[in-house]
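The values are calculated or read from the model by the stated rules, or taken from the named source; none is laboratory data. What you see is a predicted model; the values in this text were computed from it and never measured. Glycine also receives a Cβ, built like all others from the backbone with ideal geometry; neighbour counts cover every protein chain displayed. Only protein heavy atoms, including side chains, enter the accessible area calculation; ligands, DNA and RNA are left aside. Shrake-Rupley method; radii C 1.70, N 1.55, O 1.52, S 1.80 Å.
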Amino acid sequence: MTTFPTARAVRTTPEGLLWEPSERWVRGRKGQVTVVDSRHPVLVWEPGVPVPLYAFPRADVREDLLRPAKNPPTGAHTGSQVFYDLEIEGDLLENAAWTFPAPDLADHIAFEWFRRVGRGLDHWYEEEEEIFIHPRDPHKRVDAIPSSRHVSVEIDGTVVADTRRPVLLFETGLPTRYYIPREDVRLDLLEPTDNSTGCPYKGTAEYWSWQGAADVPPNVVWSYPAPLPAVGPIKGLLAFYNEAVDITVDGERLERPVTPFTRMLSERPSA
């Protein structure tokens, strides 16, 4: 009989890394070349980094494609000292992989994800589903729940959205996001942009910016036209960054939260 722990089975290393085994079948590819194929990956959380990454037993990695790094970023990834360049069909990807300094993980190799940091492997799969940006955190929930709350959104005193049929998205570690039907949004006050982002929990988002004169960050509104099945109710609905607009729910004005997105929204592109 297999006994499953009731508490989070996470190990801690002296270096401050958190890690735990995963039962998911994970594969990583660069182009059409499978570099990683593992049924025994481990999830690793680095200090100060809110999302996990995978590390893999060496036997599950194409080590014949790895070369000692020519220009290793010594000290990166929690003080890692051993980095690898990845060579595939004559193309060399610098510092695509590394080993952590923790003895617990000495026999494992971790990889960068291209769509997160711009280098490394570009396709990742858990079982038969492609995963984007970073691995999903098994201790994080994302729930999309239809509601009848009265939600109003203002920008610089102008009501941009008003609805009594929102979908509330509850995501661990982030403020509640209020997804609003397009019919209840002043789309004439917004301008679509070419910005696009990916989320391993929700899918690929498209964006709009505020057209008014107020000092509002670009890409303050987003929508998932084809969300992942787990959050299907948000399909086509629009959400606003709570950090940058004024949202009132059932007559109560919400405080603007401070989140990891706050700094991103304050950084404007140079002219």
Under a 1.4 Å probe, what is the accessible area of the chain per residue, stated in Å²? 52 Å²
Among 99, 166, 114, whose Cα sits farthest toward the positive end of the charge dipole of segment 63-172 (+1 at Cβ of Lys/Arg, -1 at Cβ of Asp/Glu, about the Cα centre)? 166
For residue 235, go through the lysines and keep the ones whose alpha-carbon is under 20 Å away, minus same-chain ones fewer than eight residues off. 202
Based on the Cα atoms of segment 64-156, what semi-axes does the equivalent ellipsoid have, where each is the square root of 5 times one gyration tensor eigenvalue, given in whole Å with the largest first? 37, 16, 16
Treating only the Cα positions of segment 1-88 as identical point scatterers, give the base-10 log of I(q)/I(0) from the Debye formula at each q in 0.11, 0.13 Å⁻¹. -0.39, -0.54
Packing-based order for 18-25, 109-116, 179-186, using average beta carbon neighbours within 10 Å, highest first: 109-116, 179-186, 18-25
Could you give the nm distance between label points at residue 263 and residue 9, where each point is 7 Å from its Cα heading toward the beta carbon? 3.5 nm
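With Rg and the Kirkwood Rh both taken from Cα atoms, where does Rg over Rh land for segment 160-246?
Working: Rg = 12.4 Å, Rh = 13.3 Å.
Rg divided by Rh gives 0.93.
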With a Förster radius of 22 Å, plug the Cβ-Cβ distance of residue 213 and residue 176 into 1/(1 + (r/R0)^6) and report the FRET value to the nearest 0.05. 0.15
What is the chain's relative contact order, in percent, from Cα pairs under 8 angstrom and six or more apart in sequence? 11 percent
Over the chain, what percent of the accessible surface lies on carbon and sulfur atoms, probe 1.4 Å? 50 percent
Could you work out how far the C-alpha centroid of segment 37-88 sits from that of segment 110-167, in angstrom? 26 Å
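Taking Rh as the Kirkwood radius computed over C-alpha pairs, what is the Stokes-Einstein D of segment 40-101 at 25 °C in a medium of viscosity 0.890 mPa s, expressed in µm² per second? It would help to have the intermediate numbers written out before the result.
Working: Rh = 12.5 Å.
Using the Kirkwood radius from Cα pairs, D works out to 196 µm²/s.
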Computed curve, segment 1-154, Cα-only Debye sum without solvent term, log₁₀ I(q)/I(0) at 0.10, 0.13, 0.16 Å⁻¹, is -0.40, -0.63, -0.89
Residue-normalised 222 nm signal for the chain, counting each DSSP H run of n ≥ 4 as -39,500 (n - 2.57), nearest 500 deg cm²/dmol, is -1000 deg cm²/dmol
